[in-house]
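Remarks on the structure that follows.
Computed from the coordinates by the stated procedures, all read-outs in this text should not be read as laboratory data. Since the structure is predicted, the reported quantities are computational estimates derived from the model, not experimental observations. Quick reminder, even Gly has a Cβ in these numbers, built from the backbone with ideal geometry, and neighbours come from all protein chains shown.
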Amino acid sequence: GAVVSQHPSRVICKSGTSVKIECRSLDFQATTMFWYRQFPKQSLMLMATSNEGSKATYEQGVEKDKFLINHASLTLSTLTVTSAHPEDSSFYICSARVRGPGNTIYFGEGSWLTVV
Amino acid sequence: QKEVEQDPGPLSVPEGAIVSLNCTYSNSAFQYFMWYRQYSRKGPELLMYTYSSGNKEDGRFTAQVDKSSKYISLFIRDSQPSDSATYLCAMSVAGNQFYFGTGTSLTVIP
C-alpha cells in the first residue's frame with residue numbers, strides 16, 4: 001500500500017511555543033491530505049482538509065489561526081500548532097488520499113504532542 | 001443520527017475464534033468502504049477496501065458490504081493475539097470526505 005510518513009512521532013514543547021508536524025506521501029502524489037486529532041480511547045476527529053496549493057478547509061470549532069495548515073507541494077502538508085497550551089496535548093494524525101480507482105486514504109504513524 | 005454507527009465493544013475472544021465486526025450507515029450514496037486497524041498509539045493501517053457491494057477476501061480477513069441493508073462487516077478467521085487492536089470502519093461517497101465509525105476494541109486472548 002501507499003506510504004505516508006509523519007514526523008516527529010513525539011514532541012514535547014513548552015506552553016506558548018509553536019510546533020510543526022510534517023506529513024509526507026512517500027510514493028504517491030497526494031492532492032488532498034487530512035488532519036485529525038484523537039483523544040485516548042476515542043475515534044478520529046477531523047480537523048481540516050488540506051488541498052495542494054489552496055487554503056485548508058477547517059471543520060467547525062477548529063481554530064484556523066491556532067492550527068495552521070500548509071500544503072505547499074503534492075507530497076507534503078504541515079500542521080503548525082501555534083502558541084501551544086497544555087489542552088492542545090493530543091495525538092495528531094494525517095492521512096493522504098490516493099487518487100484513481102482506489103479512492104481511499106492512507107494514514108501516517110501519528111504524532112504525540114505534549115505541551116508542558 | 002450519525003452517518004456511521006459502530007459498536008465500540010470491547011470485544012474479547014479466544015485465540016483461533018472467528019471475529020465479526022460490523023458497521024451500519026445511513027447515507028445510501030456511500031460507495032467506498034474501508035476497514036482500518038489501529039494499534040495503541042499508532043496511526044490506522046488500511047486492512048481492506050471495497051467498492052460498492054460484495055465480498056472481498058485477503059488472507060484471514062473478509063470484508064462484506066450489503067448496500068441494501070446499509071451494513072458492512074469484517075470477518076477475521078483464526079484470530080491471533082496480534083489481531084488485538086481497534087478496528088475502524090470508514091466510508092465515502094466519492095473520495096472527498098470520509099466518515100469513520102468510532103472503532104471497536106478487540107482483544108484476542110491466547
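Residue pairs whose Cβ atoms lie under 6 Å apart, separated by 6 or more positions or on different chains, with the first residue in the range A:1-17 and within 11 Å of chain B (Cβ to nearest Cβ) and the second of a type in the set (K, R) and crowded, with 16+ Cβ neighbours inside 10 Å, are A:S5/A:R24.
Only one of A:S77, A:S73 is closer than 20 Å to A:T104 by Cα, more than 14 Å from chain B (Cβ to nearest Cβ) and in contact with a Cys (Cβ under 8 Å, 6 or more places away or on another chain); which? First the steps, then the outcome.
Details: A:S73 fails: in contact with a Cys (Cβ under 8 Å, 6 or more places away or on another chain).
Unique residue meeting the criteria: A:S77.
Restricting B:Y99, B:Y39 to those that are exposed (fewer than 15 other Cβ atoms within 10 Å of the Cβ), within 11 Å of another protein chain (Cβ to nearest Cβ) and of a type in the set (F, W, Y) reduces the list to B:Y39.
When you check A:S54 against the structure, is it touching a helix residue (DSSP H, G or I) at 6+ places or on another chain (Cβ under 7 Å) and more than 27 Å from B:Q6 (Cβ to Cβ), yes or no? Before you say what the answer is, go through the steps one by one.
Values: touching a helix residue (DSSP H, G or I) at 6+ places or on another chain (Cβ under 7 Å): no; more than 27 Å from B:Q6 (Cβ to Cβ): yes.
So A:S54 fails the test.
Looking across the range B:84-96 at every residue that is more than 7 Å from chain A (Cβ to nearest Cβ) and in a loop (DSSP other than H, G, I, E, B), the one that is nearest to B:C23 (Cα to Cα) is identified as B:V93.
Scan the range B:24-49 for residues that are of a type outside the set (A, V, I, L, M, F, W, C) and farther than 19 Å from B:T104 by Cα and jot them down.
As a first pass, look at the range B:24-49 and keep what is of a type outside the set (A, V, I, L, M, F, W, C): B:24-28, B:31-32, B:36-45, B:49.
B:N27, B:S28, B:Q31, B:Y32, listed by residue number.
All of (1) under 11 Å from the mean Cα position of the chain (by Cα); (2) assigned to a loop (DSSP other than H, G, I, E, B); (3) of a type outside the set (K, R) hold for B:W35 with one exception: (2).
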